[in-house]
1. Under a 1.4 Å probe, what is the accessible area of the stretch 93-172 per residue, stated in Å²?
2. Rounded to the nearest 500, what is the chain's calculated 222 nm mean residue ellipticity when only DSSP H runs of at least 4 contribute -39500 (n - 2.57) each, over all residues?
3. Mean 1/r over all different Cα pairs, inverted: what Kirkwood radius does the stretch 1-139 give, in Å?
4. Starting from the alpha-carbon convex hull of the stretch 86-169, give the projected area averaged over all orientations, in nm².
5. Mind listing the long-range amide H neighbours of Ala11? Cut-off is under 5 Å, sequence gap 5 or more, other chains count too, H placed in the peptide plane at 1.01 Å from N.
6. How large, in percent, is the carbon and sulfur part of the accessible surface of the chain at a probe radius of 1.4 Å?
7. Can you list the DSSP H helices in the chain whose Cα atoms extend at least 20 Å along the helix axis and whose mean Kyte-Doolittle hydropathy is -1.0 or higher?
8. Of Ala112, Cys166, Trp55, which is farthest along the charge dipole of the stretch 53-177 in the positive direction, counting Lys and Arg as +1 and Asp and Glu as -1 at C-beta?
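The values are calculated or read from the model by the stated rules, or taken from the named source; none is laboratory data. This is a predicted model, so every value here is computed, not measured. Cβ placement follows ideal geometry from the backbone for every residue including glycine, while neighbour counts extend to all protein chains displayed. Protein only, heavy atoms only, side chains kept; ligands, DNA and RNA dropped before computing areas. Shrake-Rupley method; radii C 1.70, N 1.55, O 1.52, S 1.80 Å.
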Amino acid sequence: MTDLMGADGVARCMWGNSTPDYADYHDKEWGVPLHGEDVLYERLTLESFQSGLSWLTILRKREAFRKAFKQFKPAKVARFGDADVERLLQDAWIVRNRAKILAAITNARAIAALDEPLDELLWSFAPASHPRPRTMSDVPAVTDDSKAMAKELKKRGFAFLGPTTCYALMQATGMVDDHVEGCFRAV
């Protein structure tokens, strides 16, 4: 599949060849199984902030997001109040969207209220098997599993996490492997 070949001679999913930032993210992170409350909260938050924007925008602001959201420690973010919201709305280094900022705080509080670890809850929606997509056009935006995840998260008090965002989270954290055939990461 020559259309997967990057300028560096590495065959990867086409989107991974568009910028060096994407290539690095594709090669080292996207689709790698991820576990742990802080890192999953980070991805959940960043995927929420990405909604309606380019992932590249979020990727390039990730370090600023980490600083703004206390390294994505849910217990710390759950204590954010009105002054923190105003501080974040003034922070030009992150995406300044009130609804998304409030959702990040709401989601940190929802994590604190869980009766099971966030890791177990999210990974419970990972499918037992997932067919390897032949091309990017075979990659879904939503699945029954992501719809179920979104519904359960909403029931548990999470915000700004619809089925499409949940599927992107599943891809990013390795719950599903959507590296296309021919990509060097497709195992």
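1. Working: 4120 Å² over 80 residues.
Here the per-residue accessible area is 51 Å².
2. Working: 9 runs with 92 residues, N = 187.
That calculation yields -14500 deg cm²/dmol at 222 nm.
3. Working: mean 1/r = 0.0594 Å⁻¹.
After inverting the mean inverse Cα-Cα distance, the result is 16.8 Å.
4. Numbers: hull surface 28.4 nm².
So the Cα hull casts an average projection of 7.1 nm².
5. Amide H to amide H, under 5 Å and 5 or more residues apart or across chains, Ala11 pairs with Gly6, Phe184.
6. On the way: 5000 of 9270 Å².
With neighbouring chains kept in place, the figure for the chain is 54 percent.
7. Details: long enough: 98-112 (21 Å, 0.73).
Within the chain the helices that satisfy the rule are 98-112.
8. Trp55
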